[in-house]
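Before any comments, here is the structure.
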Amino acid sequence: DTEVTQTPKHLVMGMTNKKSLKCEQHMGHRAMYWYKQKAKKPPELMFVYSYEKLSINESVPSRFSPECPNSSLLNLHLHALQPEDSALYLCASQEGRGHQLIEKLFFGSGTQLSVL
Amino acid sequence: GQQVMQIPQYQHVQEGEDFTTYCNSSTTLSNIQWYKQRPGGHPVFLIQLVKSGEVKKQKRLTFQFGEAKKNSSLHITATQTTDVGTYFCAGDSGGGADGLTFGKGTHLIIQP
C-alpha cells in the first residue's frame, strides 16, 4: 500500500463550524505533513509531525489545530475559519527515519475546503 | 529564509515541441526534488537530485542539478498531451528537519 488517504475529499463549512480533516497512511512512514494550496500556487507548509511529535509549526493561526493520534494517522481540526482559508489541504507522508537527507513526499489527493 | 524561484510561470507549447523549466535557490541545497501536479490532482514525486552537477533521465524527461547546487532544470523532449500540468521544484537546505520549500511552479499548457 503506497497510498496516503485523505477524507473528506470536499468540505463546505460556515465560519462558526468545527470540522476535522483526516489523513491515513500504512507505509510505516514516521513523518507526516499538512500543506495548504491555493489555486495556481505552490503547496505551503503548515505543520510537520516527526515520530508523532510536532516538529514544525509554520506560524499557522490557532484556528487550525493539528493532531497525530498515532504514526499512521494525522488530523487537522478546524474552528472559526475565515473565507480566505478556502483552499486545497494536502496531507503528505515521508519515510522520515531521521536521515540527514530529506526523502520524497507522498501526497494524498487532498481535501478541497470552502468556507462560507 | 530559503527562497526557491522557478521560471517561467506559464509555458504554452505545441505538441511535439520541447519544454524547459528552471529553478534557482537563494541558498545552497542539499538536494532538490521535482513534482508534477496534473489539473485537479495532487503533487506526485518525479525525481530527487543530490550530487553537484548530477543529470538524471526518465524517458523524455532530463533533470539537472547545478555545480553549485543552487539551481536545477527539468527538460521535456517532444511534449505530449499527457505532460500537461504544473511542475514544481522543491528544495531542502539540509538537516532533514525542515519541510521542503516549493518553487512557484511552471504551468505547462500543450496545444495539439
- Task: Would you be able to say whether some residue in region B:99-111 is in contact (Cβ under 8 Å) with a residue 12 or more places away in the chain, away from chain A (no Cβ under 14 Å) and within 10 Å of the chain's Cα centre (by Cα)?
- Result: no
- Taking only region A:17-34 into account, find how many residues are at the interface with another protein chain (Cβ under 9 Å from one of its Cβ atoms) and either more than 18 Å from A:Tyr89 (Cα to Cα) or without any contact (Cβ under 8 Å) to a residue 60 or more places away in the chain (or both). 0
- Query: Filtering region A:59-73 down to residues that are surrounded by 15 or more Cβ atoms within 10 Å (Cβ to Cβ) and within 14 Å of chain B (Cβ to nearest Cβ), which residue is nearest to A:Gln6 (Cα to Cα)?
  - Reply: A:Pro66
- Note on the structure: Among (1) at pLDDT below 95; (2) within 12 Å of another protein chain (Cβ to nearest Cβ), A:Leu88 falls short only on (1)
- Kindly check whether there is at least one residue in region B:58-70 that is in contact (Cβ under 8 Å) with a residue 40 or more places away in the chain, of a type outside the set (A, V, I, L, M, F, W, C), touching a Pro at 6+ places or on another chain (Cβ under 6 Å) and farther than 28 Å from A:Gly108 by Cβ. no
- Query: Can you name the condition, by its number, that A:Ile56 falls short on among (1) within 12 Å of chain B (Cβ to nearest Cβ); (2) closer than 15 Å to A:Leu105 by Cα?
  - Reply: (2)
- Note on the structure: Those residues of region B:6-32 that are in contact with a strand residue (DSSP E or B) (Cβ under 9 Å, 6 or more places away or on another chain) and either modelled with pLDDT under 95 or of a type in the set (Val, Ile, Thr) (or both) come to a total of 11
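Among the candidates A:Tyr33, A:Tyr49, single out the residue that is closer than 22 Å to B:Lys36 by Cα, in a strand (DSSP E or B) and touching a Leu at 6+ places or on another chain (Cβ under 8 Å).
Numbers: A:Tyr49 fails: closer than 22 Å to B:Lys36 by Cα.
Going through A:Tyr33, A:Tyr49 in turn, just one is closer than 22 Å to B:Lys36 by Cα, in a strand (DSSP E or B) and touching a Leu at 6+ places or on another chain (Cβ under 8 Å): A:Tyr33.
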- Taking only region A:91-115 into account, find how many residues are surrounded by fewer than 15 Cβ atoms within 10 Å (Cβ to Cβ) and at pLDDT 95 or above. 1
- Would you check if A:Tyr51 is over 19 Å from B:Val44 (Cβ atoms) and of a type in the set (Phe, Trp, Tyr)? yes
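The values are calculated or read from the model by the stated rules, or taken from the named source; none is laboratory data. All figures in this text were calculated on a predicted structure; none of them were measured in a lab. Heads up, the Cβs are rebuilt from the backbone with ideal geometry, glycines too, and the neighbour counts pull from every protein chain shown.
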